[in-house]
Amino acid sequence: MRNLFRRKFNLGQTCGILAALQLLVAGLVISILTYSHLLGSLRQEVQDDSVRQLQRLSMVIAPAVLQEDRISLNVTLADWTRGPEMPSIRIMDTSAQIIAESGRQSSGKIINLPLTQDDKVLGNIEATINTITADRIAGRYLSLALMATGLSSLLAGFIAYHLAERSGSYLQQITRQLKQWGEGKPLFIPEHNDGQINEINDLHYSLRRLQQNESRRLALEQALSQFMYRSEKPRTSSVTYQRCAILYFEIDELDILLARLSANELASTLDEYHRLLSQAAKLYNGTLDRYQGDGIVMIFGLPDGNERDTLHCIYAAQLCIGLIQSARRKNPALARVSLRCAAHWGPILLAPVSQDQNTHYSLIGDTLFWASHLARRSEENRVLVSQSLISELPVEIGLEWDEGPLVSDLQGNEQTNFWLRSLPEKSRTLIERQIHHIASTTEKIS
């Protein structure tokens, strides 16, 4: 018994036990109250019936008592039908002497009724009342009520257990899935078809939204992992600084996109962007990589830099913008995800990190942070270029600029930045041919 109370019950068992106990207690209370009321009513009915019999008997034997005819009294009592509820009757005179009696004296309630005639008291009638029959009838009904209470309690406990077990099973599945999610496995929320409990429904809808958000996050992570630098030729075997031209792409309003787009829509759009950016990087000797989770960088000057890296960065930016615009004209759904880009030049720290028998490279440095800061101030279909990169461009290249926003650097100093207005005619024509070639190649493949 002690082990039973120490045992931990699940939701279905707890609800079943509580429902059975509640109905059992309520049934016991109602049964006892009903039994008490019925027993009192039956006993009172026996007493009232006995009084009526004694009143009729007193009218019959009054003349014999008045004449002191004991023979007639005994004959009358012997012929009088008492019934099991009245085991004995005594006739006593005014001096309380028994002048006639019938039956055998037994335990029970005794009632006395005065024996009168013409308002003259002749004596009294004493009778014993037996309520065993009433007690048996009331006890029989109590037994039936207790049996019905027990059966109803079992039925209520079973129904409550069955109903709660459906929700309990769902909660157990959720707990198991959340544990697996905590261990790094994908989150999967099972279906819930029982809509009777509002709290369970609210929990289910909240978890479904969590699953959708987690699916979008995983889709985003998988899509962005394509931008991770991969090459059979290692960049470097040790931590090193390298001066590079950087083209930074910022995904605009990523949090809103995660809430608005499905995982497949977001992944397919980023896959297409990866294809376009990869081709642009390949044409201008750049490499794609990730920065701080959702940042996309195109780096020019790794592993060995030259004086044309900054120019390649500008050309690649224009090519990327043109490729994205061309792809959106053919597939308007790509416009759901917009990119802002900025170009910067400076040193970055390249740190190899070993993971799962592969070597990845962490991009560290103020240059990357500043490029990401500029990208957030940029606009779609335009490239914002820092003064640092413009200063490294070849002098003879005829690029035209518009003054851009002033942005405070890490020390709080305002830095001048510029919008690229146009390229030289020859360079612009080359990029247009590249856009047309890549677009036509894509159509043939599809």
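Nothing in this text is a laboratory measurement; each read-out follows from the coordinates by a stated rule. This one's a predicted model, so the numbers in the text were calculated from it and none came from an experiment. When we count neighbours, we look across all protein chains shown, and the Cβ atoms used for this are built from the backbone with ideal geometry, even at glycine.
Measure nothing fancy, just the Cα-based angle from helix 263-283's long axis to the longest principal axis of the chain, in degrees from 0 to 90, nearest 10. Helix 263-283 sits roughly 10 degrees off the main axis of the chain. Please identify, among Asp135, Asp118, Asp49, the residue showing maximal mean-square fluctuation in a Gaussian network model of the chain using a 10 angstrom Cα cutoff. Answer for the Gaussian network model of the chain: Asp118. Ranking of Leu323, Leu142 by neighbouring Cβ atoms within 10 Å, starting from the fewest: Leu142, Leu323. Remark: segment 415-429, residue by residue, has Karplus-estimated 3J(HN,Hα) of 10, 7, 10, 9, 8, 6, 8, 7, 9, x, 4, 5, 5, 5, 5 Hz, where x stands for each Gly or Pro and the curve is 6.51 cos²θ - 1.76 cosθ + 1.60 at θ = phi - 60°.
Counting neighbouring beta carbons within 10 Å and listing from fewest to most, the residues Leu406, Leu54 come out as Leu406, Leu54. In the chain, excluding the sites themselves, the longest stretch lacking any of the GluC sites (Glu not before Pro) that are in a DSSP loop with at most 16 other Cβ atoms within 10 Å is 69-182. Based only on the alpha carbon positions, what is the Kirkwood hydrodynamic radius of the chain, in angstrom? By the Kirkwood definition, the hydrodynamic radius is 31.4 Å. Under a 5 Å amide H cut-off, with hydrogens placed 1.01 Å from N, Ile129 pairs with Lys109, Ile110, Ile111 among residues at least 5 apart or on other chains. With a simple spin-label model that places each label point 7 Å from the Cα along the Cα-to-Cβ direction, the separation between Arg140 and Gln222 comes to 7.5 nm.
Note on the chain: helix-only mean residue ellipticity at 222 nm, from DSSP H runs of 4+ residues weighted -39500 (n - 2.57) and normalised by residue number, equals -19000 deg cm²/dmol. Write out the trypsin sites (Lys or Arg not before Pro) in segment 87-150 meeting two conditions: DSSP loop, and at most 16 other Cβ atoms within 10 Å of their Cβ. For trypsin sites (Lys or Arg not before Pro) across segment 87-150 that sit outside H, G, I, E and B with at most 16 neighbouring Cβ atoms in 10 Å, the list reads Arg104. Karplus-based coupling profile of segment 163-180, in residue order and whole Hz: 5, 6, 5, 5, 5, x, 5, 5, 5, 5, 5, 4, 4, 5, 5, 5, 5, 5, with θ = phi - 60° in 6.51 cos²θ - 1.76 cosθ + 1.60 and x standing for Gly or Pro. 3J(HN,Hα) along segment 318-329: 5, 5, 4, 4, x, 5, 5, 5, 5, 5, 5, 5 Hz, from the Karplus curve 6.51 cos²θ - 1.76 cosθ + 1.60 with θ = phi - 60°, whole Hz, x for Gly and Pro.
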